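Participant: The structure's right below; bear with me while I get my questions together.
The values are calculated or read from the model by the stated rules, or taken from the named source; none is laboratory data. In this text the structure is predicted, and so the values were computed from the model without any measurement. As a convention, Cβ positions derive from the backbone with ideal geometry for all residues, glycine included, and neighbour counts pool all protein chains shown.
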Amino acid sequence: MKTIRAAIVGAGVMGRWHATTARQLGHSVRTIYDADDARARALATPLGAAPVSALADALIDVDVVHICTPMSTHAAIARQALVAGCSVICEKPLAASADDVRMLYQLAQREGRLLVPTHQFLFQRGMVELTGALVSLGQILHVETLACTAGASDRDENGAESVALDVMPHPLSITERLLPGALEQIAWYVGNTPRGELHAAGSFAGASVDIRISCAGRPPANQLRVVCRHGTASVDLFHGFAVFDRGGVSRREKITRPFSSSGRTFAAATANLVGRTLRREPAYPGLRELIGATYAAVAEGQQPPIAARESIAVADACARIADIRAAQFMDTLGARAERGPAQRS
């Protein structure tokens with residue numbers, strides 16, 4: 001594969017991870033752009049990249065632009081990069097609205113470039129093992145995800161709600177990958193929970209779907225459980241490994257299951273830790289595989305590793321859930337106003 005020339009837009013934590021990953025894959029990080037020039041220089045210097053003070057300068061003679069800036073800036077930067085002839089890898093959420101996501105994909109198609117959101121959970125070893133095992137596990141009956149994030153620890157309730165909604169693309173992208181077409185059909189039930197605590201549920205093709213995101217729950221975790229006719233898969237999305245229980249029903253198997261499950265979890269976690277250590281992957285498992293697959297698609301003129309249809313379905317589902325949450329919040333404010341100060345106290 002030819003060497004991909006990359007630009008990093010946004011020199012924060014995720015920009016550093018994207019840049020380091022590109023270099024570990026043997027490619028060239030050509031330019032670094034950030035609104036803070038000092039931060040751009042700090043990331044560019046050890047990489048031998050050029051820090052630039054204008055976005056347009058970062059897009060010259062590069063193949064792929066990594067967008068690692070706040071979500072509100074994604075659409076405008078992606079537009080400029082696509083028009084400049086660059087393919088784009090963009091942190092999630094891809095844009096602030098589903099309409100913006102559609103517009104970006106239309107532009108990418110018109111320009112003949114790729115647009116890929118960083119739904120890296122899809123490329124983790126555990127998720128890959130799960131999708132490969134579905135033939136033997138049988139029909140999916142239930143998909144359950146739980147994410148407890150510390151990303152809102154310094155924010156008010158409105159900030160916590162924003163963080164929770166920003167996390168939502170991950171479980172939605174997993175749902176769509178496991179149950180293709182689900183996101184276009186599910187009529188979501190959304191719990192009227194405190195802001196920053198999201199619960200969305202629905203059903204599709206005989207399978208129930210349950211998504212829970214908590215900004216207050218501890219410890220931080222990201223878990224997936226898929227119940228099938230012939231077994232259950234538990235995927236630790238935080239660390240990137242899967243454990244399978246084939247679901248025997250004998251009395252002996254029921255008695256020994258806690259011990260055998262613990263043993264399988266210990267073995268999988270140990271092998272995963274060793275593998276990630278050897279790959280120099282202390283965090284964000286799946287990111288390297290996503291970037292590598294995107295670079296290969298760019299180099300070979302192939303389709304992106306995440307189809308436009310999948311990404312648009314995720315954006316649409318996010319928008320529907322966010323709209324329901326906003327309506328619930330307005331109803332709560334209206335009810336408080338009707339009660340008056342005396343009743344509220």
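Participant: Can you confirm whether T21 is at pLDDT 95 or above, assigned to a loop (DSSP other than H, G, I, E, B), of a type outside the set (G, A, S) and not assigned by TED's automatic domain parsing to the domain that holds A283?
Facilitator: No, not satisfied.
Participant: Looking at the range 67-82, is at least one residue touching a residue at least 12 places away in the same chain (Cβ under 8 Å), within 23 Å of V298 (Cα to Cα) and in a loop (DSSP other than H, G, I, E, B)?
Facilitator: Yes.
Participant: While we're looking at this one, here's another question. Return only the number of the condition from (1) in a helix (DSSP H, G or I); (2) free of Cβ contacts under 8 Å to residues at least 60 places away in the same chain; (3) closer than 25 Å to A6 by Cα that G340 does not satisfy.
Facilitator: Here G340 clears every test but (3).
Participant: I need every pair where a residue in the range 202-225 that is in contact (Cβ under 8 Å) with a residue 24 or more places away in the chain has its Cβ under 6 Å from the Cβ of a residue that is polar (S, T, N, Q) and in a strand (DSSP E or B), sequence separation at least 6 or different chains.
Facilitator: I211/T145; L224/T145; R225/S234
Participant: Hey, among the residues in the range 22-40 that are out of contact with any Lys or Arg (no Cβ under 8 Å at 6 or more places or on another chain) and exposed (fewer than 15 other Cβ atoms within 10 Å of the Cβ), which one's nearest to G292 (Cα to Cα)?
Facilitator: Only one residue tops the list, namely G26.
Participant: Contact list please: Cβ distance under 7 Å, first residue in the range 235-246 and in a loop (DSSP other than H, G, I, E, B), second residue buried (at least 24 other Cβ atoms within 10 Å of the Cβ), pairs at least six apart or on different chains.
Facilitator: Between residues of the range 235-246 that are in a loop (DSSP other than H, G, I, E, B) and residues that are buried (at least 24 other Cβ atoms within 10 Å of the Cβ), the close pairs are L237/F121; L237/Q124; L237/L224; H239/P285; G240/Q124; G240/P285.
Participant: Oh, and also: Is it the case that some residue within the range 147-167 is in a loop (DSSP other than H, G, I, E, B), touching a Lys or Arg at 6+ places or on another chain (Cβ under 6 Å) and touching a residue at least 60 places away in the same chain (Cβ under 8 Å)? Break it down into steps so the answer makes sense when it comes.
Facilitator: So in the range 147-167, the residues in a loop (DSSP other than H, G, I, E, B) come out as 149-156.
Narrowing the set further to residues that are touching a Lys or Arg at 6+ places or on another chain (Cβ under 6 Å) leaves none.
Within the range 147-167, not a single residue is in a loop (DSSP other than H, G, I, E, B), touching a Lys or Arg at 6+ places or on another chain (Cβ under 6 Å) and touching a residue at least 60 places away in the same chain (Cβ under 8 Å).
Participant: What do you reckon, is T232 over 27 Å from F329 (Cα atoms) and either touching an Asp or Glu at 6+ places or on another chain (Cβ under 9 Å) or assigned to a strand (DSSP E or B) (or both)?
Facilitator: The answer is yes for T232.
Participant: Could you tell me which residue of the range 229-257 is surrounded by the fewest Cβ atoms within 10 Å (Cβ to Cβ), considering only residues that are among the hydroxyl-bearing types (S, T, Y) and at pLDDT 85 or above?
Facilitator: Step by step, filter the range 229-257, then rank; the result is T256.
Participant: Taking the condition of being surrounded by 14 or more Cβ atoms within 10 Å (Cβ to Cβ), of a type outside the set (G, A, S) and part of a loop (DSSP other than H, G, I, E, B), how many residues in the range 195-223 meet it?
Facilitator: 2
Participant: Would you check if A268 is surrounded by fewer than 17 Cβ atoms within 10 Å (Cβ to Cβ), of a type in the set (G, A, S), assigned to a helix (DSSP H, G or I) and modelled with pLDDT of 95 or more?
Facilitator: It is false that A268 is surrounded by fewer than 17 Cβ atoms within 10 Å (Cβ to Cβ), of a type in the set (G, A, S), assigned to a helix (DSSP H, G or I) and modelled with pLDDT of 95 or more.
Participant: Quick one: which of R125, R177, R110 is at pLDDT 95 or above, of a type in the set (K, R) and not assigned by TED's automatic domain parsing to the domain that holds R225?
Facilitator: That would be R110, the only listed residue that is at pLDDT 95 or above, of a type in the set (K, R) and not assigned by TED's automatic domain parsing to the domain that holds R225.
Participant: Related question: Which residues, counting only those in the range 311-324, are buried (at least 20 other Cβ atoms within 10 Å of the Cβ) and either touching an Asp or Glu at 6+ places or on another chain (Cβ under 7 Å) or free of Cβ contacts under 8 Å to residues at least 40 places away in the same chain (or both)?
Facilitator: A313, V314
Participant: Here's something else I'd like to know. If only one of R125, R110 is under 26 Å from V227 (Cβ atoms) and among the basic types (K, R), which one is it?
Facilitator: Criteria check complete, one pass: R125.
Participant: Quick one: A95 ticks every box in (1) more than 15 Å from the chain's Cα centre (by Cα); (2) at negative phi; (3) in the same structural domain as H66 (by TED's automatic domain parsing) except a single one, so which number is it?
Facilitator: Going through the list (1) more than 15 Å from the chain's Cα centre (by Cα); (2) at negative phi; (3) in the same structural domain as H66 (by TED's automatic domain parsing), A95 breaks only (1).
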